[in-house]
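Working notes, beginning with the structure itself.
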Amino acid sequence: MGYNPQKPMEGRISDLGPPHYEKFFPPVIKANKGKWLWHEITQPGVLMHKSETGDEVYSIRVGSPRLVSVEYIREVCDIADKHCDGFLRFTTRNNIEFMVDSRAKVQPLLDTLASYGNKYPVGGTGAGVTNIVHTQGWVHCHTPATDASGVVKAVMDELFDYFTSMTLPAQVRIALACCLNMCGAVHASDIAILGIHRKPPMIDNKRISGVCELPLAIASCPLGAVKPAKAIVDGVEIKSVKVTVERCMFCGNCYTMCPAMPLADPEGDGIAILVGGKVSNRISAPKFSKLVIPFLPNTTPRWPETVAAVKKILVAYAADARKYERIGEWAERIGWEKFFEKCDIPFTEKSIDDYRLAYDTWRTTTQFKFTSHIK
Amino acid sequence: MAKRETPLLDQLESGPWPSFVTDIKRQAETKPECWDILGILELSYKERITHWKHGGIVGVFGYGGGIVGRYADVPELFPGVEHFHTVRVAQPASKYYTSANLRQLMALWEKYGSGMTNFHGSTGDIILLGTRTENLEPFFWDLTHDMGQDLGGSGSNLRTPANCIGESRCEWSCYDTEDVCHSLTLHYQDEIHRPAFPYKFKFKFSGCPNDCVASIARSDISVIGTWRDAIRIDQAAVKEYVAGNYPANGGAHSGRNWGKFDINKEVIDLCPTECMWMEGAELKIDEKECTRCMHCINVMPRALRPGLDKGASICVGAKAPILDGAQFATLIVPFIKVSKDNDFEELIEFIEKVWDWWMEVGKNRERVGETMQRVGLPTFLSVMGIEPIPQHVKEPRSNPYIFWREEEVEGGFARDIDEFRAKHKA
């Protein structure tokens, strides 16, 4: 019974893969897969899908902090047991969906959710702000330049009304990645909150010989800023590396390869804001997010500068964009110079690309608008 | 483990969005090591820097992925999180669950882990956050034996594939994303669990060009549903939209008064190919000009549906910015039928052709999109045995620097300089 450390390979089972999804389908989903005709958001957070069989499924979408406890999941299971015959699902944006098979079952479920106070906010549908996809941050990661869960909590507190309503010109997808590795793939989000470093790595010569393969550390730098060097440790010459500081773009790839090159720093680290990305092929092709605010400090515990910046962009967009227009489409229509003006964001050299293929983003036309930037 | 004072984190307990701090505190009542999660996080909030060490290779026998090693750099202060390894558990397609299944998994995690989780990680796995090395094998034993479940991927291997909700609850899905995702995940268990690649490799399956699983932005092989015949039109429903009886975009804009629905302004004029028009009360679409962007279908879901000749486009090579900048996946196969009838044979053949080539020429830590960029799209297409077509590019190149091959040029490259000089004095 159970794992026997004396005979670790005995009775071992491996390569099972995930359980078959059909086991977890609510009956109404199982009966109507491939037969859905259309859907409608009947109120913020409530989707109704209509099948050609006449069946309906109502999905109630609830925001979660993603970082959740065993007790939290058990409570979510209690709700599913009470209202959904024990079935539930999660979305790709960390929302929970409780599904019921008739309109009459919606309100009792909403009442139960409301009875937990602010724990299970219903929303995240249509032309609003849905949950923020994010990374681990200081709660678990070794390379972050900011926290994740805390920043998300602070931003969502401020944007809460946009989660529970559908008043924006289109959906706004916000994402947070706590360093440039971007586990959260924020590079195609309407608003991206990105942790960045601003100090070059330190070299831990006392440890480098034991933990680091120098050729890999040297090869890891995309700009050739990491070079072989000699160092003296306890009077003995060792092989090490040095960093050409003026070439460093603070990507942190060297630290990923070499634990003896840490670069995180309380003053150096913070947040950059990028906007205008999208993934969908709707109307215009997928777009990358563009860097509009190069640095905001890690002001714990509620990141007021970041919260204010995101809110300001969202409010300007809500007031000015046309129906169906995503933030990136709006910025391209009015022109990026107008974007900076309307959002009241100072334009700096940091928003001008000087990395590879930078020339693609420089303006090579005489078409521009006379905004306040032209003195 | 003693209760920790967390004056900074306590400030994240107020406000309307659910608080992870409140949740961790409640879990700490039965799992006191959660106080050390809060303690080490509070220290990070105070000092504004992480307190997790770099790396630490741990795992279960026979697997090279699925567990991410993590150690605190201040274990003397927070012994409860001295080891804090992450366990990735492969999620079922579309992330449907039963409460019975989740309760069983939670009981295991209460026994072997910290009591904290992520539902879910960015790639799609269930993330069980924080356990000690000695718990890994017993946990894995119970996970496989008692639950019949398994770990997901990490490191330089195939990461746990993910899919959009697909046909199970969406009318737009052009193939069964759940079936493909599940079938290929089982087919490639070895590639998921035993790293043999130059770097990570991701598949993601979206049922339509709305791409709800963001496959075109973050997967090495992105399979996006599409169709090659006409959008199906229900003219009676079009009239209902025009009359304002059906809400536009499935009611997604109902929180603001945008005025009466205007099919010209909201649909026809926004069509990127201008392939739609009204003839009297009938909506017409020139399907040969349509690029299937989904806008008209999104706006009028009760009137318009994707065609019947459905399949998928395959795009290759997306990644986040590290190192040479972000890349979207490039369209390689415009249309492929995705069918279980032949066990997704064509898709599998495509995937393995990419792998065979990338495993040979890809450099250490080079995503396949970077390898494609390094060798050039024409070379990649030739390796794949795919005829170059205009659909592979946004526009033709604007520089004349063609890598002509010797066999393409009459007489080849070899020439005699003396012969040349006999006619052309230096």
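Key figures
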quantity: Residues B:MET359 and A:ALA229, FRET efficiency given R0 of 45 Å [Cβ-Cβ distance, rounded to 0.05]; calculated: 0.85
quantity: For segment B:232-305, the fraction of alpha-carbon pairs in successive 5 Å shells from zero, as %; calculated: 3, 17, 30, 28, 15, 6, 1, 0
quantity: Separation of alpha-carbon centers, segment A:351-369 and segment A:268-286, rounded to whole Å; calculated: 17
quantity: Cα-projected label distance for A:ARG356 with A:VAL245, points at 7 Å along beta-carbon direction, nm; calculated: 2.7
quantity: ³J(HN,Hα), Karplus 6.51/-1.76/1.60, whole Hz, each residue of segment A:180-185, x for Gly, Pro; calculated: 5, 4, 6, 3, x, 6
quantity: Loop chymotrypsin sites (Phe, Trp or Tyr not before Pro), segment B:342-426, which have at most 13 other Cβ atoms in a 10 Å radius of their Cβ (DSSP); calculated: B:TYR401, B:PHE403, B:TRP404, B:PHE413
quantity: Positive-end extreme of charge dipole, segment B:232-305 - chosen from B:THR291, B:TRP277, B:ALA303 (charges on Cβ); calculated: B:ALA303
quantity: For the protein assembly as shown, share of DSSP beta bridges that run antiparallel, in % to the nearest 5; calculated: 85
quantity: Rough spin-label spacing in nm, given labels placed 7 Å along Cα→Cβ, for B:ASN135 and B:LYS111; calculated: 1.2
quantity: Three-way shape label, chain A, alpha-carbon gyration tensor, a/c 1.5; calculated: oblate
quantity: In segment A:1-76, GluC sites (Glu not before Pro) in a DSSP loop with at most 10 other beta-carbon atoms within 10 Å; calculated: A:GLU10
quantity: Mean Cα-pair separation over length for chain A, i.e. relative contact order, pairs under 8 Å, 6 or more apart, %; calculated: 12
quantity: Among B:GLN189, B:GLN11, B:GLN91, residue whose mean-square fluctuation peaks in a GNM of chain B (springs only between Cα atoms under 10 Å); calculated: B:GLN11
quantity: Rounded to whole Hz, the Karplus (6.51, -1.76, 1.60) HN-Hα couplings of segment B:255-272, x for glycine and proline; calculated: x, 9, 7, 9, x, 5, 4, 10, 5, 5, 5, 8, 10, 4, 6, 8, 4, x
quantity: Sequence-distant residues sharing a close amide H with A:THR125 (under 5 Å, placed H); calculated: A:GLY45
quantity: Of A:ALA358, A:ALA185, A:ALA145, the one that fluctuates the most in a GNM where chain A has Cα springs shorter than 10 Å; calculated: A:ALA358
quantity: Paramagnetic label zone (point 7 Å from Cα along Cα-to-C-beta, B:ALA243; backbone N under 13 Å) in segment B:286-324; calculated: none
quantity: Karplus-derived HN-Hα couplings along segment A:230-245 (A = 6.51, B = -1.76, C = 1.60, θ = phi - 60°), whole Hz, x at Gly and Pro; calculated: 9, 9, 10, 10, 6, x, 10, 6, 10, 7, 8, 9, 9, 10, 7, 4
quantity: Rounded to 5, percent antiparallel among DSSP beta bridges of chain A; calculated: 85
quantity: Options B:SER382, B:ILE348, A:PRO222, ranked by Cα towards positive dipole end of the protein assembly as shown, top entry (Cβ charges); calculated: A:PRO222
quantity: For segment A:145-164 and segment B:165-223, distance of Cα centres in Å; calculated: 29
quantity: Debye, to nearest 20: dipole size of segment B:232-305, +1 on Lys, Arg Cβ, -1 on Asp, Glu Cβ; calculated: 300
quantity: Point-charge dipole on Cβ atoms (K/R +1, D/E -1) for chain A, about Cα centre, debye to 20; calculated: 620
quantity: Helix-only [θ]222 nm of chain A, DSSP H runs n ≥ 4, -39500 (n - 2.57) each, per residue, nearest 500; calculated: -7500 deg cm²/dmol
quantity: Residue order, fewest to most surrounding Cβ atoms within 10 angstrom, among A:HIS39, A:HIS197; calculated: A:HIS39, A:HIS197
quantity: Residue-averaged [θ]222 nm for chain B, counting only DSSP H segments that reach four residues, each worth -39500 (n - 2.57); calculated: -9000 deg cm²/dmol
quantity: Given charges at beta-carbon only (K, R positive; D, E negative), |dipole| of the protein assembly as shown in Debye; calculated: 1400
quantity: Dipole of chain B, positive end: most advanced residue of B:VAL316, B:PRO75, B:VAL58 [Cβ charges, Cα centre]; calculated: B:PRO75
quantity: Span from the segment B:43-72 Cα centroid across to the segment B:116-157 one, whole angstrom; calculated: 14
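Read-outs throughout are calculated quantities, based only on the coordinates presented, and are distinct from any laboratory measurement. Quantities reported herein were computed from a predicted structural model and do not represent experimental measurements. All Cβ positions, glycine included, derive from the backbone under ideal geometry; neighbour counts span all protein chains shown.
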